[in-house]
Each structure stands twice: as structure tokens, then as C-alpha cells.
Amino acid sequence: MSVNRNILTLDEFTIQQMRQFPKATGELSSLLRDIGLASKRVNVEVNKAGLVDILGDAGTMNVQGEEVKKLDIFANNQFVGVLKHGISCAGIGSEELDDIVIFDDEVSNNSKYICMFDPLDGSGNIDVNVSIGTIFSIYRRVSELGKPCTMADFLQPGNKQVAAGYVIYGSSTMLVYATRRGVNGFTLDPSIGEFSLSHPDIKCPKDGKIYSVNHGNFFQYTEGVKKYITACQKKDKTTGGPYTQRYIGSMVADVHRNLIKGGIFMYPATTDKPKGKLRLLYECNPFAFIVETAGGKATNGEKRILDLQPTELHQRTSFFIGSSDMMAELETHLAV
Ligand code: P6P
């Protein structure tokens, strides 16, 4: 099957978008291209993870005499590296790093964006070959240009995001990102080593029949969550069902599927995790921005995720995200 060579690459697409804004400096396009480059490097290692593990079992050194790093540390280093040496990012926050990294050099201090990311979400699934992903979130700085960025740049509500996206390392490798202009998906074409536009203008179906939740925690959920899950199980042809339960244990894969097909993903607070498990700044906010831009909704069970005012870099939240009609039905059960 031949590949259509007229498909825009990620670089061509971001430059085309920039051309529509004469005053655009190209910094956001450059930042997105940097993320695409790091993702391609991570993709190479993820695709041979099993092999590397076998090779790495000989001790802490592989056959090339290189130190065997955990894959998520490797991924983190790739994203930090391209962003630090790029021209568009003043600093980063990462799931793998306790504190923010302020790049503090003349070019970075004059960059107007900061970036937060989970470099390899779901990495526990690598050794069973389940899809995993990178999640990223981009903000315009609120601190003074020309000086180092500050924590205030990172503790902005999700509704201030300029762009957000994810990479899914799955049966194919896709980069999906949103700006206020829309959500677009790019599939990595190995024959040219470029992300190519494969899913233009993604819209989240208004309704769906897939619900994603860890049933193992059922008796730890609130009554409202349990009522909604039970309602999903009772759906039949007369009530718009039957529904299917799909839960991969890798949020990027679960949310990506629901974004394309319609559905709802839930990681509610539990008695063991009363504040929830998922991180607000670099997991929930980016997905909330993407899915809302595509027409869906995302809440913490009470409030819109994007309106939450962060107080800590790694704070957690309960998380409900998906098709607007399914979210509306969920809210009727949570309200009681
Ligand atoms: P549980 C992966 O560790 C992750 O952060 C998400 O990608 C995933 O949706 C969730 O945790 C799975 O958590 O507790 O259901 O195994």
C-alpha cells in the first residue's frame, strides 16, 4: 500500500499554521517540532524495550558498554535536552523530577513558553508490551521576559494552556496536539522518519458506549461513582447500550481511544487515594485541554479541570473525561 506523499508533515503543518498569523514569532512551532524530535528518539527505544531489557540483564551495562537507563528516565532526558537546547522554552516541569528545571541562559530566559510533561506515562506496562505515552502541556510565561522563569509560570490553571498534546507509542506512533484552533493527529511514517498528518481536526463524538475505569477499586469509590458505573453496566438497547468496558491501565491509550471513538475515562478518588492518583499539571490538564477543544468535557467530579488553580507541581486530582453526553449523565449521578 503506497503512502500519500502529499500529506503534511508536523513541521510543514506547524509552519503552515504560523504563516496564518503574520505576527507569530515561530517559537510555538519550534517548540512543537522539538517535542516531535524527542518523541522520535524515545520511540526508537520504546520499540526495542524488550530487547534492551534482555541485553541489559547482563548487569547495568549493555553490549555497547552504555549504562542501561530506565526508559522513563531516558525519555525524560530526551525531552529536557531538546527543550533546553531549543529557542522556545524557559524551563520545564516533569513527572520524573522533584522540582522545576529553570534553564537560565540568555536565550531560554528570553523564551516566552514553559513546558510540563509526563515523559513516559504507563511505563509500568512496557514489559508486557502495552501501549504507553508521553503527555505535554505548554504555557506562556507570566514571569518577566529576559529573566529566569519562576514557579508561578507553572502553577497556572489549565485554561491558560497555549497548547497540549500526547504521543502514543502503540501499534503505530502518533503525536496528537491541540491549540485553541483545534486538535490534529500525526502518525509517524517510518519510511521518512516524520510525523505526518493522519487525523486532521479531531472531534470527540458527543456520545459513546465505552467506559474506562479500574473496577478493582469499585468498593473504594463514592456512592455517586458506583451508581454511574452500575448504570453503565445496565445499559441495553432500550437505554442506548450495551456499553463496553475498556481499561488498558495506560491513560494515554484509554483516552486516545475514547477521543476517537467516543467514551468516558474515569480515575476517581478512592479511600486509598482520597485526592486521586493522576497528576493535575502534566496529565489531567493537557488531556482536558485536548478533549474540550475536540468537544468533550473534563472535571474532577465537581469542577471543570481547566479551572482548577494549582498549588503544587505534582498535585493529584480525581479525573473524569470524555464525550459530553456521557459526562452529563455522570454528573446526574454525582450530584445526588
Ligand atoms: P491503576 C499509569 O501508571 C497511570 O498513571 C495511567 O496511565 C493509568 O490510567 C493509571 O495510572 C492506571 O492506574 O491504579 O488503575 O493501575
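The values are calculated or read from the model by the stated rules, or taken from the named source; none is laboratory data. Treat the numbers as computed from the prediction; the structure is a model and nothing was measured. No Cβ is skipped: glycine too gets one built from the backbone with ideal geometry, and neighbour counts run over all protein chains shown.
Looking at segment 314-336 only, could you name the residues that are in a strand (DSSP E or B), of a type in the set (Val, Ile, Thr) and more than 9 Å from GLY296 (Cβ to Cβ)?
THR317
Could you grab me the full set of residues in segment 199-225 that are over 24 Å from VAL183 (Cβ atoms) and more than 16 Å from the ligand (Cβ to nearest atom)?
Answer for segment 199-225, where residues must be over 24 Å from VAL183 (Cβ atoms) and more than 16 Å from the ligand (Cβ to nearest atom): THR222, GLU223, GLY224.
Any residue at all in segment 120-140 that's within 16 Å of the ligand (Cβ to nearest atom), of a type in the set (Asp, Glu), assigned to a strand (DSSP E or B) and farther than 24 Å from ILE87 by Cβ?
Yes, that holds for at least one residue.
Given the conditions (1) in contact with a Leu (Cβ under 9 Å, 6 or more places away or on another chain); (2) in contact (Cβ under 8 Å) with a residue 60 or more places away in the chain; (3) outside the structural domain of PRO268 (by TED's automatic domain parsing), report the number of the one that SER172 does not fulfil.
Only one criterion is unmet by SER172, namely (2).
What is the one condition in (1) within 16 Å of the ligand (Cβ to nearest atom); (2) touching a Pro at 6+ places or on another chain (Cβ under 8 Å); (3) charged (D, E, K, R) that LYS261 does not satisfy?
Failed condition: (1).
It is to be established whether one or more residues within segment 232-247 are farther than 19 Å from ASP207 by Cβ and of a type outside the set (Gly, Ala, Ser).
Yes, because at least one residue in segment 232-247 is farther than 19 Å from ASP207 by Cβ and of a type outside the set (Gly, Ala, Ser).
Give segment 277-293 a look and list any residue that's in contact with a Pro (Cβ under 7 Å, 6 or more places away or on another chain) and within 13 Å of the ligand (Cβ to nearest atom), or say none.
Across segment 277-293, the qualifying residue is only LEU280.
Checking the conditions here, which among ALA288, ALA294 is surrounded by fewer than 24 Cβ atoms within 10 Å (Cβ to Cβ) and not assigned by TED's automatic domain parsing to the domain that holds ARG181?
After applying the criteria, what remains is ALA294.
Given (1) modelled with pLDDT of 95 or more; (2) more than 25 Å from THR134 (Cβ to Cβ), identify the lone condition not met by THR239.
(1)
What's the number of the only condition in (1) under 22 Å from the mean Cα position of the chain (by Cα); (2) crowded, with 17+ Cβ neighbours inside 10 Å; (3) among the polar types (S, T, N, Q) that ASN214 fails to meet?
If we test ASN214 against (1) under 22 Å from the mean Cα position of the chain (by Cα); (2) crowded, with 17+ Cβ neighbours inside 10 Å; (3) among the polar types (S, T, N, Q), just (2) comes out false.
Out of all the residues in segment 18-34, which are out of contact with any helix residue (DSSP H, G or I) (no Cβ under 7 Å at 6 or more places or on another chain) and either within 19 Å of LEU175 (Cα to Cα) or at pLDDT 90 or above (or both)?
Passing the criteria: GLU27, LEU28, SER30, LEU31.
Within the set of pairs 6 or more residues apart or between chains, which connect a residue that is under 30 Å from ASN285 (Cβ atoms) inside segment 233-257 to a residue that is in a loop (DSSP other than H, G, I, E, B) and within 8 Å of the ligand (Cβ to nearest atom) with Cβ atoms less than 7 Å apart?
The qualifying pairs are TYR247/ASN214; GLY249/GLY122; SER250/GLY122; MET251/GLY122; VAL252/GLY122; ASP254/TYR247; ASP254/ILE248.
Residues are listed down the side, and each one gets a yes or a no for (1) touching a residue at least 40 places away in the same chain (Cβ under 8 Å); (2) surrounded by 18 or more Cβ atoms within 10 Å (Cβ to Cβ); (3) basic (Lys, Arg):
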| residue | (1), (2), (3) |
| --- | --- |
| ARG141 | yes, yes, yes |
| LEU145 | no, no, no |
| GLY158 | yes, yes, no |
| ALA163 | yes, yes, no |
| VAL176 | yes, yes, no |
| GLY182 | yes, no, no |
| GLY185 | no, yes, no |
| SER191 | yes, no, no |
| SER196 | yes, yes, no |
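Working only within segment 235-280, note down all residues that are loosely packed, with under 14 Cβ neighbours inside 10 Å, among the charged types (D, E, K, R) and outside any loop (DSSP other than H, G, I, E, B).
Residue satisfying the conditions is LYS237 alone.
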